[in-house]
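Written out below as structure tokens is the structure these notes cover.
The values are calculated or read from the model by the stated rules, or taken from the named source; none is laboratory data. Just so we're clear, the structure is a prediction, and the values are computed from it rather than from any experiment. Neighbour counts are summed over all protein chains in view; Cβ atoms, including those assigned to glycine, are modelled from backbone coordinates with ideal geometry. We work out accessible area using only protein heavy atoms, side chains counted, and drop any ligands, DNA or RNA first. Shrake-Rupley method; radii C 1.70, N 1.55, O 1.52, S 1.80 Å.
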Amino acid sequence: MELREDLTPFESVNYFFDRATKVTEVSDAAHAVLSGTYRELRVQVPVRRDSGELQVFIGYRIQHNGARGPYKGGIRYHPLADLEEVRALASLMTWKTALVDLPYGGAKGGVQVDVRDFSEREKQQLTRRYAGQISHIIGATRDIPAPDMNTNAQTMAWIMDEYGRKYGHTPQIVTGKPIALGGSYGREAATGRGCVIVMEEACKDRGLSPDGLSVVIQGFGNVGSWAARIAHDQGFRIIATSDIKGGIHAPNGLDIPKLVEHVAQTGSVVDFPGSSPISNDDLMTLKCDVLMPAALGEVITHRNVDDVDTQIIIEAANHPVTPVADATLADRGVLVVPDILANAGGVIVSYFEWVQNIQEFRWEESEVNDRLSTKLRRAYGQVKDFRDAKGTSMREAAFALAVERVIEAATLRGYL
């Protein structure tokens, strides 16, 4: 595939897949299967608003590949959750679950909707309608949704209940549930915690000590805020962060516990005492040791990549670096830890939750966190070893390892 800046999100993911096929052997048949999707479901999601108006939204559930196990992937509510975006995210889940060696395939769901002005009743109706529309293709051993952007544990509780009305009580149908309904300890913080674990490994990779290293985190939602809290506890110096309303900058480091309190009280990081305002655009080009994009995709592009001033990028968000920008960063020697490794903590602990639900036995949070650390550090080491042996980038190594594992499973099953 030609390297262009105007690649769609799904084309961007397939560009990285194509790069991996230059490193590891992939047949034409396997390439045809893995560069497409297995099933794509488009549904109408009607919602009666509190005003009495009926609005109809479009939702998707896309299953990319299930060679290694049940499809697995989150559900997001966002105006940009269109077909191309959800396809890209579904394929990323296939590679992510394979890379960290989970017995899952990849899927993703989304509804094109801005829920910021929705009441709880409206969100519940939206969720139940959507869950009902996709219920025939999901299942505890078929396809297991989870939270994603603008969805949360409450959303998963509604999906579990709606599915249970037809199929009986099935807590393992979704992960990321409330603790009271079978959720796992440690799940809420898992993606952010995983980002910090791989950041620690990346620092070791570069011979750096975490103590005092400057970190910029774009996004202070679930992932970014937990990453900031945990990184702060580990000795990293968080010098800037942002949310949808704006950004803040403190060269000597932000007091993250107080910032969390400020956000709880005001709803935003903006106007945090002791910080200066900064735009999201300027935040991305601040000089720092580690840059962690933890919000939307495609925030580092050909337009700003030359101004990015960091040694390490941790892709906490999904596909935040475009292929053109990725090539530029590789030429400059910036260590980019790809999304399919960097933000895999969430799906790893989702897997732990699924296992606990099947066993009907809950693990302690310390056990969850220890197992998460073991899995991610092992995966980072495997990617690093492959990179060093083959002379590739971390992204090429990660994709190549994942592709090899998916092809092996598909071949053993007789699919290829």
Quiz item: When region 146-195 is examined, which residues are found to be polar (S, T, N, Q), within 30 Å of ASP243 (Cβ to Cβ) and assigned to a helix (DSSP H, G or I)?
Solution: GLN154, THR155, THR191
Exercise. Could you run through region 14-34 and say how many residues are within 20 Å of the chain's Cα centre (by Cα) and outside any helix (DSSP H, G or I)?
Key: 0
Quiz item: Which is surrounded by fewer than 20 Cβ atoms within 10 Å (Cβ to Cβ), in contact with a Gly (Cβ under 8 Å, 6 or more places away or on another chain) and at pLDDT 95 or above, of ARG68, ARG61, ARG42?
Solution: ARG42
Quiz prompt | Lone unmet requirement of (1) at pLDDT below 95; (2) more than 17 Å from VAL47 (Cβ to Cβ) for ASN150 | solution = (2)
Practice problem: Sort out which residues of region 397-406 are open to solvent by 30 Å² or more (accessible area, probe 1.4 Å) and either at pLDDT below 95 or in contact with a helix residue (DSSP H, G or I) (Cβ under 6 Å, 6 or more places away or on another chain) (or both), and write them in order of number. | Solution: ARG405
Quiz prompt | Count of region 72-85 residues which are open to solvent by less than 30 Å² (accessible area, probe 1.4 Å) and either assigned to a loop (DSSP other than H, G, I, E, B) or under 20 Å from MET160 (Cβ atoms) (or both) | solution = 7
Quiz prompt | Residues of region 302-326 satisfying the condition of being in a loop (DSSP other than H, G, I, E, B) and surrounded by fewer than 16 Cβ atoms within 10 Å (Cβ to Cβ) | solution = HIS302, ARG303, ASN304, ASP309
Exercise. Take region 210-251 and flag every residue that is under 24 Å from ALA146 (Cα atoms) and touching an Asp or Glu at 6+ places or on another chain (Cβ under 6 Å).
Key: PHE220
Practice problem: Among residues belonging to region 119-139 that are of a type outside the set (S, T, N, Q) and open to solvent by less than 20 Å² (accessible area, probe 1.4 Å), point out the one that is farthest from ARG48 (Cα to Cα). | Solution: GLY139
Exercise. Looking for whichever is under 28 Å from ASP388 (Cα atoms), open to solvent by 10 Å² or more (accessible area, probe 1.4 Å), touching a residue at least 24 places away in the same chain (Cβ under 8 Å) and out of contact with any His (no Cβ under 8 Å at 6 or more places or on another chain) here; the options are GLN218, GLN234. Which one fits?
Key: GLN234
Practice problem: Starting from residues that are without any contact (Cβ under 8 Å) to a residue 40 or more places away in the chain and open to solvent by 80 Å² or more (accessible area, probe 1.4 Å), keep the ones in region 45-58 and report whichever is nearest to TRP95 (Cα to Cα). | Solution: VAL56
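Here's the yes/no breakdown for (1) part of a loop (DSSP other than H, G, I, E, B); (2) surrounded by 13 or more Cβ atoms within 10 Å (Cβ to Cβ); (3) in contact with a Leu (Cβ under 9 Å, 6 or more places away or on another chain):
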site: GLY247; (1), (2), (3): no, yes, yes
site: GLY253; (1), (2), (3): yes, yes, no
site: ALA264; (1), (2), (3): no, no, no
site: VAL269; (1), (2), (3): yes, yes, yes
site: GLY274; (1), (2), (3): yes, no, yes
site: PRO277; (1), (2), (3): no, yes, no
site: CYS288; (1), (2), (3): yes, yes, yes
site: MET292; (1), (2), (3): no, yes, no
Quiz item: In region 58-89, which residues are under 15 Å from THR37 (Cα atoms) and hydrophobic (A, V, I, L, M, F, W, C)?
Solution: ILE62, ALA67, LEU83, VAL86, ALA88, LEU89
Exercise. Go through (1) farther than 15 Å from VAL100 by Cα; (2) touching a residue at least 60 places away in the same chain (Cβ under 8 Å); (3) out of contact with any Gly (no Cβ under 9 Å at 6 or more places or on another chain) one by one and return the number of the condition ASP388 breaks.
Key: (2)
Exercise. Look through region 357-394, keep the residues that are assigned to a loop (DSSP other than H, G, I, E, B) and either surrounded by 17 or more Cβ atoms within 10 Å (Cβ to Cβ) or among the aliphatic types (A, V, I, L, M) (or both), and return whichever of them is modelled with the highest pLDDT.
Key: TRP363
Practice problem: Residue by residue through region 331-351, note down the ones that are farther than 23 Å from THR94 by Cβ and in contact (Cβ under 8 Å) with a residue 60 or more places away in the chain. | Solution: LEU335
